[in-house]
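Trainee: Structure provided below as structure tokens; questions to follow.
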Amino acid sequence: MAIRHDQGIVLRSYPFGESDRVVIILSPNHGKLRTVAKGVRKTKSRFGGRLEPLTHVDLVLYEGRNLDTITQVSVIEAFPHVRMDLERVGIAGAMLNAVDAVAQENESAHRLFLLLHRGFRVLDSGPADPGLLTAFYLKLAALVGIAPSLGDCASCGGLVDVERFSFPAGGVVCSRCATPDAVKLRPGLTDYLASLAGSELASLPASGGLAADGQGLARRFLEYHLERKFTVAEVPGG
Ligand SMILES: [Zn+2]
């Protein structure tokens with residue numbers, strides 16, 4: 001058994017035993033960490049609020065057989081503006097939820113960590129863009145190798161009459177390939193999603209009234225391919 005240092009963003013936690021909590025953390029170095037914070041549910045816990053979800057923490061861990069025990073924790077970044085705004089808390093929660101669904105244990109997760117960290121930084125810097133969560137979802141999909149096709153038909157590669165979206169096919173489909181479950185898209189939605197997928201989180205394109213449709217489609221796409229239900233976050237300004 002050894003002491004080691006690590007860092008990461010707290011994804012969630014749940015009660016464990018009489019007074020402890022299991023804290024799930026995304027570490028860039030080791031992926032999803034399952035740690036235990038002892039005595040954290042006592043009123044005078046030495047950890048205070050430092051292990052709340054969203055917090056980027058520096059950790060000293062005592063390695064255990066199943067769970068590592070947190071012996072020291074300090075806050076690197078708390079994203080205070082996100083916490084003060086219910087709308088942004090909802091978006092951050094949806095980001096955590098999605099990351100939790102794809103992160104693996106004992107596997108480095110640098111790009112996933114950077115995406116989440118970037119998402120929180122942008123969210124902390126000002127009011128959320130209506131397309132922020134959608135862009136986050138699309139980048140996450142690309143990271144795990146399931147980016148939806150948003151240009152040519154996902155089934156035949158054709159470029160003509162591509163106006164529907166198929167979850168099983170993995171993106172937009174043309175009228176010849178569309179199965180009855182393919183959904184008709186509002187004009188411009190594919191272009192909007194493609195431009196979100198290719199933009200920096202801090203400088204997203206105008207939504208043109210398509211933000212809610214885009215977010216719903218991106219969320220359902222991830223849910224379909226990851227076989228998980230995600231929390232629904234409100235779309236800012238619409
Ligand atoms: Zn086709």
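The values are calculated or read from the model by the stated rules, or taken from the named source; none is laboratory data. Since the model is a prediction, treat every value here as computed from it, not as a measurement. In this analysis, Cβ positions are derived from the backbone assuming ideal geometry, glycine residues included, and neighbour counts consider all displayed protein chains. Surface accessibility is based on the protein's heavy atoms, side chains included, excluding ligands, DNA and RNA. Shrake-Rupley method; radii C 1.70, N 1.55, O 1.52, S 1.80 Å.
Trainee: Which FRET efficiency value, to the nearest 0.05, do you get for residue 63 and residue 206 by plugging their Cβ-Cβ distance into 1/(1 + (r/R0)^6) with R0 = 41 Å?
Mentor: About 0.25, to the nearest 0.05.
Trainee: Oh, and also: Taking a quarter of the surface of the Cα convex hull of the chain, what do you get in nm²?
Mentor: The orientation-averaged projected area of the Cα hull of the chain comes to 13.9 nm².
Trainee: To continue, here is another question. Working from Cα positions, state the angle (0 to 90°, nearest 10) between the long axis of helix 110-125 and the longest principal axis of the chain.
Mentor: 90
Trainee: Specify the angular offset, from 0 to 90 degrees and rounded to the nearest 10, of the alpha carbon long axis of helix 211-226 from the longest principal axis of the alpha carbons in the chain.
Mentor: 70
Trainee: Taking the chain as the reference, fit the longest principal axis to its C-alpha atoms, fit the long axis of helix 132-143 to the helix C-alpha atoms, and give the angle between the two in degrees, 0 to 90, nearest 10.
Mentor: 90
Trainee: Cα convex hull of region 1-133: mean projected area in nm², to one decimal?
Mentor: For the Cα atoms of region 1-133, the hull's average projected area reads 8.0 nm².
Trainee: Ok, one more. Only helical DSSP H runs with n ≥ 4 go in: add -39500 (n - 2.57) per run for the chain, normalise by residue count and round the 222 nm mean residue ellipticity to 500 deg cm²/dmol.
Mentor: -9500 deg cm²/dmol
Trainee: Please report the accessible area of residue 152 (heavy atoms, 1.4 Å probe, ligands and nucleic acids excluded) in Å², nearest 10.
Mentor: Spelled out: residue 152, probe radius 1.4 Å, area about 70 Å².
Trainee: Now, a different point. Rolling a 1.4 Å sphere over the protein heavy atoms, what is the accessible area per residue of region 3-79, to the nearest Å²? Can you show the working numbers first?
Mentor: Details: 3790 Å² over 77 residues.
Ligands and nucleic acids excluded, the figure is 49 Å² per residue.
Trainee: OK, next. Within the P(r) computed for region 3-79, what percentage of the Cα pairs occupies the region above 21 Å?
Mentor: I get 14 percent for the Cα pairs in region 3-79 exceeding 21 Å.
Trainee: Residues of region 81-226: accessible area per residue at 1.4 Å, in Å²? Don't jump to the answer; show the numbers that get you there.
Mentor: Details: 6620 Å² over 146 residues.
Each residue of region 81-226 exposes 45 Å² on average to a 1.4 Å probe.
Trainee: I would also like to ask the following. Report the longest stretch of the chain that contains none of the trypsin sites (Lys or Arg not before Pro) sitting in a DSSP loop with at most 10 other Cβ atoms within 10 Å.
Mentor: No qualifying site falls inside 66-228, the longest such stretch.
Trainee: Determine which aspartates and glutamates satisfy two conditions relative to residue 139: a Cα distance under 14 Å, and not lying fewer than 8 residues away in the same chain.
Mentor: Output for residue 139: 200.
Trainee: Binning every alpha carbon pair distance of region 99-223 at 5 Å from zero, what are the percents per bin?
Mentor: Cα pair-distance distribution for region 99-223, in percent: 2, 11, 21, 21, 19, 13, 8, 4, 1, 0.
Trainee: How large a share of the accessible area of the chain, in percent, is made up of carbon and sulfur atoms when the probe is 1.4 Å and the other protein chains stay in place?
Mentor: Details: 5830 of 11650 Å².
The nonpolar share, carbon plus sulfur, comes to 50 percent.
Trainee: Before anything else, pin down the relative contact order of region 81-226: Cα pairs under 8 Å, at least 6 apart, normalised by residue count, whole percent.
Mentor: Here the relative contact order equals 23 percent.
Trainee: Please list, or write none, the aspartates and glutamates whose alpha carbon is within less than 16 Å of the alpha carbon of residue 42, excluding same-chain residues fewer than 8 places away.
Mentor: Candidates past the 8-residue exclusion: 18, 20, 52.
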